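Participant: Quick one: the structure is below, questions incoming.
The values are calculated or read from the model by the stated rules, or taken from the named source; none is laboratory data. This one's a predicted model, so the numbers in the text were calculated from it and none came from an experiment. Here Cβ is always computed from backbone atoms with ideal geometry, including for glycine, and neighbour counts include all displayed protein chains. Calculation scope for accessible area: heavy atoms of the full protein, side chains included, ligands and nucleic acids excluded. Shrake-Rupley method; radii C 1.70, N 1.55, O 1.52, S 1.80 Å.
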Amino acid sequence: MSSNTDFVLSIEDLTVSFDGFKAVDKLNLYVDKNEIRVVIGPNGAGKTTVLDLICGKTRATSGSIKFKDLELTRMSEHQIVRAGVGRKFQNPSIYENLTVFENLEISYPKGRSVFGALAFKRTAEVVARVEEIAREIMLDEFLGTEAGLLSHGQKQWLEIGMLLIQDPELLMLDEPVAGMSARERELTGQLLRRICTNRSVLVIEHDMEFVKNIAHKVTVLHQGKILKEGSMEMVQSDPKVIEVYLGH
Ligand code: ADP
Ligand code: MG
């Protein structure tokens, strides 16, 4: 199958081996514009490694990762971020002693011109954008609050906001609702539903209620390969999926 440029993300024959062990094994994965794709599967299936490969943290042994018409396997982590791929890790990397406003402000894309980084100052444009994102992530009442004082769920939202302010076309989240309350999980689902109208979202998650709530399509990964892919209903009722994952 040849690459289809209508996909935001086209992964073909992607393999990475660590000392001969194939953590990802000839993977093909296609994500549409405005799609929320959820990747599930048992521990060690290779889910996080797939995100590491896409964001350039881990180098592929072979295969291709196309983001629109860009070949990501040949780009640096920094170039991949600049091209419009944002990735949230499992543990939030916010600045606890800075306010919500300041955390968002420092994530505002700088250096779009040669003098950007030097000329950067708190312009009305930056303030408006920070406030817009704060509303989106339900933290507009907390702009002056030190990030360290936020709840666990609010910290996760802040980190999502720090990515959103860079306006990525592909946003990747590794277990975003782990440790969240039921209410926070519900609000996070609504947040992802809102933001996917302008971008594609690739999520790794174990919480099946949440997955059911947000996924347009589910990919089940097992031993670095796709075990099943399709609607939540289709995946949930698959005997192999139940055997290796959902039955546990
Ligand atoms: P998942 O996120 O699905 O739980 P991972 O992608 O973290 O799984 O890991 C898949 C497999 O690859 C595991 O067996 C893990 O130990 C191995 N692995 C991941 N990253 C590395 C690495 N940098 N070096 C060696 N082995 C790794
Ligand atoms: Mg993982």
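Participant: Which of the residues that make up region 164-204 are crowded, with 23+ Cβ neighbours inside 10 Å, over 11 Å from the mean Cα position of the chain (by Cα) and within 16 Å of ligand 1 (Cβ to nearest atom)?
Facilitator: The answer is Val177, and nothing else.
Participant: Hey, another quick one. Answer yes or no: is there a residue in region 38-49 that is away from ligand 2 (no atom under 16 Å from the Cβ) and either of a type in the set (A, V, I, L, M, F, W, C) or open to solvent by less than 20 Å² (accessible area, probe 1.4 Å) (or both).
Facilitator: Filtering region 38-49 down to residues away from ligand 2 (no atom under 16 Å from the Cβ) leaves none.
Looking through region 38-49, none of the residues is away from ligand 2 (no atom under 16 Å from the Cβ) and either of a type in the set (A, V, I, L, M, F, W, C) or open to solvent by less than 20 Å² (accessible area, probe 1.4 Å) (or both).
Participant: For region 131-153, name all the residues that are touching a Phe, Trp or Tyr at 6+ places or on another chain (Cβ under 9 Å), within 18 Å of Ile165 (Cα to Cα) and either free of Cβ contacts under 8 Å to residues at least 24 places away in the same chain or exposed (fewer than 14 other Cβ atoms within 10 Å of the Cβ) (or both).
Facilitator: Glu131, Gly144
Condition check ((1) in the same structural domain as Leu246 (by TED's automatic domain parsing); (2) away from ligand 1 (no atom under 16 Å from the Cβ); (3) buried (at least 17 other Cβ atoms within 10 Å of the Cβ); (4) part of a strand (DSSP E or B)) across all residues:
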residue	(1), (2), (3), (4)
Asp6	yes, yes, no, no
Ser10	yes, yes, yes, yes
Asp13	yes, yes, no, yes
Leu51	yes, no, yes, no
Gly63	yes, no, yes, yes
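Participant: Moving to a separate point now. So if I check each of Ile226, Ile242, which one is open to solvent by 70 Å² or more (accessible area, probe 1.4 Å) and over 17 Å from the mean Cα position of the chain (by Cα)? Write out each step before concluding.
Facilitator: Working: Ile226 fails: open to solvent by 70 Å² or more (accessible area, probe 1.4 Å).
Exactly one residue qualifies, and that residue is Ile242.
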